[in-house]
Amino acid sequence: MTVDAWLECRPGGPGRRHHLLHGSGVDLRPLTEADLDDLVAAYDDDRSRENHGYRDLPLDDVVEFSREYIAHASLDPLIADLAIDDARTGLLLGHVQLVAMPEGDPQHMPVQLGFSVHRRGRGRGIATEAVTLALRLAHEHLGVREVWAEAVPWNAAAARVMTAAGMRQGQGALRTLPDGRRVASVRFTSAREGHEDLPQRCRGLPGVLHHSS
């Protein structure tokens, strides 16, 4: 998928940097406390619970990890928890996440991607654009060589999104879901070809960059 986007890179205080991406249909920005109710709603429906593997967890647990996503927004080292907003209305439509684990230089380790879309944003290409923007943030601005994601085998919608965003499907590992089920996950990867031309890792400097592909 080809996406033209404006990327704003702003200092966010000590150890933080804020990234705002403006695409054709969605904007990505750091989550805030004001997003809590909409973020919980994006994760707390039957489809999201089944696909993320916590169908039997109490609502309090969903609220707690939603609070953690908000607390982690734009931390350093690379943790980006971004709201997916409707570019026209400003309504929150979901969440996309980039996380480098274990901590260290993200130019030399894979970064994990995750995402969820609110029911009001499904079936509109929202997730595909958001994931594409997140991958471009990782590869073109943050200098990350490889981004990976996992999905449960029955989550065909997520597989379509990641394939459309240019990720390649492979065999995942046997994993235990938060609700205790054991499944063989499906792994997706996106790799930046070459390494000498990688940009310097983002330092949280102010400015606006125009990216187009």
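Please treat every number below as a calculation from the coordinates, not as lab data. Predicted model only: the values in this text are computed from it and were never measured. Positions of Cβ are generated from backbone atoms using ideal geometry, with glycine treated the same way; all protein chains shown enter the neighbour counts.
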ask   = Which order, highest average first, do 147-155, 58-66, 124-132 follow once you tally other Cβ atoms within 10 Å for each residue and take the mean per peptide?
value = 124-132, 147-155, 58-66
request  = Mind sorting ARG145, ARG175 by how few other Cβ atoms lie within 10 Å of their own Cβ, fewest first?
outcome  = ARG175, ARG145
inquiry  = How would region 33-95 be classified by its alpha-carbon gyration tensor: rounded, prolate or oblate, with rounded meaning a/c under 1.5 and the a/b versus b/c comparison settling the rest?
reply    = oblate
request  = Just rank MET167, MET162, fewest to most, by other beta-carbon atoms within 10 angstrom.
outcome  = MET167, MET162
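So what's the projected area for region 138-193, the Cα convex hull averaged over all directions, in nm²?
Taking a quarter of the hull surface, the average projection is 4.4 nm².
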